[in-house]
Amino acid sequence: MPCAIASSKRTVISGDTESSHLITGYADCLGSAPTDHANLHAVQQHITTSAMSKRFSLRAILDRGLQINPFIRIAILLLVLGGIPLTTQAQGLHFSNGQGGEIIQSQGQQSAAYSIGTMEPDYYLMNQNPGKSASEERGFGWWARVGADTGPGLGREESLTFFEAMPHVFWGESMIFSDLRLWRLNSGRLGGNVGVGLRSYYPQWDRTLGVIAWYDVDATYKEDFEAFTLSLESRGNIDWLSNIYLPFDVTQQQIGLDLVEDSQQFVGTGVQFDQIRTSGFALKGFDMEVGAPVGLEFAKQFDLRAYLGFYYFHHNQLDDIWGWKARLEANVFKYLDLNLAVTDDETFDTRLTFSASWTIDPNGEVGERRNTWDSMVLPPTRLWTIPKAELAVLEANQVVMNPLTGTPLSIVHVSSVTGSNVAGAGSVTNPFDTINNAVNGVNAVGIDTYDILYTHSGSQFDSQATIVVPEGKRFLGGGDRVEHLISYNEFGTARLPRAAGNYSDNLLTPDTTFDSRPLFTNQGSPAGPGVTFDTLASLGGVVSSNSVTEFSGFVLGNPDFADPSSGDSDSFDPTAPGTPGQGTFGNGIEFVDLPTALTQIRFVDLHGSNGNGLHFVNNSDTFLLESLIVNQSRNTKCLSMAVHQILHSNLQHEAKQVPGLILSL
C-alpha cells in the first residue's frame, strides 16, 4: 500500500543547531515503502514544491553553477562582481534573542517565510528591513533645495545663499546622479558646481559607497577660479566623507589695493604713503570627516548626527594650513535640515557657520533616514566654494607720482619758523624761510623742478614782495581750517599730509593747539598786489605740473588792525571781525588769464586791502572761488570784475554770508 503522505509543518529548532532543516516524514516513508512509481512521483513532487526556496537560494545557485558550462559560470561571476544582486524570494530573518523560535512556512507560497520572534529597534542598524529591491521601488527621480549658509566660513569670507538640484536614476542597487549647485555671496558675486556621481548600496555590509567628480567655478574675485573636486563617501552606521580640491589655471590674483589711512607723510621734497596689497589664492587640499548618529533619545527624532574631522590646504605662496572641524546636522522636519559647523586653524582662526535648507521633493524620497538605503539620495557634503585664502601685505613708503609728468611729485617747503635761505633748502626738514627766496632768491629752485610750493602752518610774514603764482603750479598753506588734495597714484585724490600739526583741528587730545594758516601782513611791498598769476612763458618755464593753477590756505591782512597777530586765530568770528588792518598795499588778489583749465582760490581770508579785495579785469578764463572771506572796509570795493565766468562756493563779503555772488562795484 502506498505510504501515507503526512508532513510535519512545524519543527522546533535548537538554539545551538548550526543549520536548520525542514523535517518531514518522507524519508521514513521512502525508506520503508515498496518501490511504487506513482507514490514515488507524488513524494518527489511534494518534496520539490516544499523545497523551492532552497533550490533558488544563492547557495543552491552557486552549487549548481559548479556543474554547468564554464562559460556560464564566468558570466554569473561577472554579474556578481558587477554588483548585480542575486536575491532569494525569502523574507529577512528577525531575531529577538539568541534562543531561537518557530519557523513557519506560509501556505500557498513556493518560498518559506521565516520569522523567529520580533526584534527591538536598533537605531544604529540603519537597514534593518530594506523591503523590496531598489530596482523594484525606484527609477528616475529628482529633488532640489534652497538655503543659506552664514559666513565667514572655511575658505570664504562671506555668507551665501544657494540652490541645489539632484536628478538621479536607480539601476539595481546603484544610483547614477548629477548634482547642480548655484550660490550667491552677500556681495553679489556668483559661483557654482556641477557634479556627476555613482552610489551603490552593499546589503552584505549595510553600507553605501559613492564617488562624485565636480567642476567648480568661483567668481568671488575679478578673475574666476576654477577647480576639479573629487568626493569620496561611505555611509552606514558610521559615515566617512572626504573631498579633494584641485584648482587649475588661475590660482592667484590681486583682489585689493588700499591706501592706509593717515599714512601720508612728507619725505624730503616728496610725499610717501603706505598701501596694503591683498591677494586671493585658490587652495589645493582635502577635508575628511567621520560621523554617526547621536545616541540620545531626544536626538533620534531629529536624526541628529555628529561629525569630527580635519583638513589640509596648500599654496606655494602661503604656509600650509592644517585644521580641525566639527559638525552637527539634523533633519528637524522632513524637508528642513539644519547644520552647525566649527573650524579652527592658524590661518582662518576659529569660524562658526550655520546653514538651513528646505528640500523640494516631488517623489517623497528625501527626509528622515529610516535605514542606510535612504542615504542614497542625500546631498553630497563638501565646501560650497573653492577653498580660498586672502593675504594682505603692507607695502610701506610708496612714492607719490605726478600723474601729468610721470615723475615723483616735487614739493618746495617754506616755513618762517624753521626755514632758512641756504643752498639745498626746500625739503620738509630744511625749508626755505620765505616764498620769495624759494622761487626768486639766489638759492631758489628752478621753475620746472617743482609742482607744489607748500608753506607750513604757523608761519608769519611781513612786508613781503608780491607773490606770483606760475601757470600750472599750486601754492598751498597748511592749517586747521583747510585741507588740500593730491592724487595718490592708483587711489585717486586724498589729503596732503601736514608738515606741522594735524587735521584734528584741536578737537581731540593730545592735539590741543590750534594750527593757524600762514599770515601775510603788509603784503605786496612796496605798492603791488598781494598775489597775482603769470604764464610759464613769461616766467621762463615750460613744464606745467598741474591741470589747475591754485593759491589756497592763506590769510592776507589782520581782521583786527589793533592786533597785528590776529590773522588766523582760534577765536576769530567771521560775523564780527572788527576793523581790519595790515592788508595788502595794492589789490588783494589780481587775476589774469592762463592756459590751465581754471584758476582756483580756496580757504583764503582777505582783510583790509588798500586796493580792491578781488580784482578781475578783462578776463575770459574760468575761476573757482571757494570758502573765501573778503573783509574789505578800507577801500571802496571788495570785488572788481569784468570776467567770463566765476564759480563760487561759500563766499563771504563784508564779513557776512550772502547768497550767490554779491558785488560792491
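The values are calculated or read from the model by the stated rules, or taken from the named source; none is laboratory data. Note that the structure is predicted; figures quoted are calculated from it, not measured. Ideal geometry is used to build each Cβ from the backbone, glycine not excepted, and the neighbour counts take in all protein chains shown. For accessibility, only protein heavy atoms count, side chains too; no ligands or nucleic acids. Shrake-Rupley method; radii C 1.70, N 1.55, O 1.52, S 1.80 Å.
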Matching residues, the range 244-275, being under 28 Å from residue 386 (Cα atoms), open to solvent by less than 60 Å² (accessible area, probe 1.4 Å) and β-branched (Val, Ile, Thr): 250, 251, 255
If you take the residues of the range 462-492 that are over 23 Å from residue 597 (Cβ atoms) and surrounded by 21 or more Cβ atoms within 10 Å (Cβ to Cβ), which of them is modelled with the highest pLDDT? 478
When you look at residue 445, is it over 25 Å from residue 275 (Cα atoms) and either open to solvent by less than 50 Å² (accessible area, probe 1.4 Å) or in contact with a strand residue (DSSP E or B) (Cβ under 8 Å, 6 or more places away or on another chain) (or both), yes or no? yes
Could you tell me which residue of the range 353-369 is modelled with the lowest pLDDT, considering only residues that are of a type in the set (A, V, I, L, M, F, W, C) and in contact with a Ser or Thr (Cβ under 8 Å, 6 or more places away or on another chain)? 366
Between residues in the range 476-498 that are touching a residue at least 12 places away in the same chain (Cβ under 8 Å) and in a strand (DSSP E or B) and residues that are among the basic types (Lys, Arg) and open to solvent by less than 50 Å² (accessible area, probe 1.4 Å), which pairs lie under 7 Å by C-beta distance while being six or more apart or on different chains? 477/517
Would you point out which residue out of 482, 412, 428 is in contact with a strand residue (DSSP E or B) (Cβ under 6 Å, 6 or more places away or on another chain), β-branched (Val, Ile, Thr) and under 17 Å from residue 604 (Cα atoms)? 482
Any residue at all in the range 427-446 that is under 30 Å from residue 222 (Cα atoms), among the small types (Gly, Ala, Ser) and at pLDDT 95 or above? no
From the options 416, 357, 420, 375, residue that is outside any strand (DSSP E or B), within 20 Å of residue 145 (Cα to Cα) and in contact (Cβ under 8 Å) with a residue 12 or more places away in the chain: 375
Total residues in the range 552-604, condition within 53 Å of the chain's Cα centre (by Cα) and on the phi > 0 side of the Ramachandran plot: 2
In the range 244-266, what residues are among the aliphatic types (A, V, I, L, M) and part of a strand (DSSP E or B)? 244, 246, 255, 257, 259
How many residues does the range 611-620 hold that are over 10 Å from residue 529 (Cβ atoms) and out of contact with any strand residue (DSSP E or B) (no Cβ under 6 Å at 6 or more places or on another chain)? 3
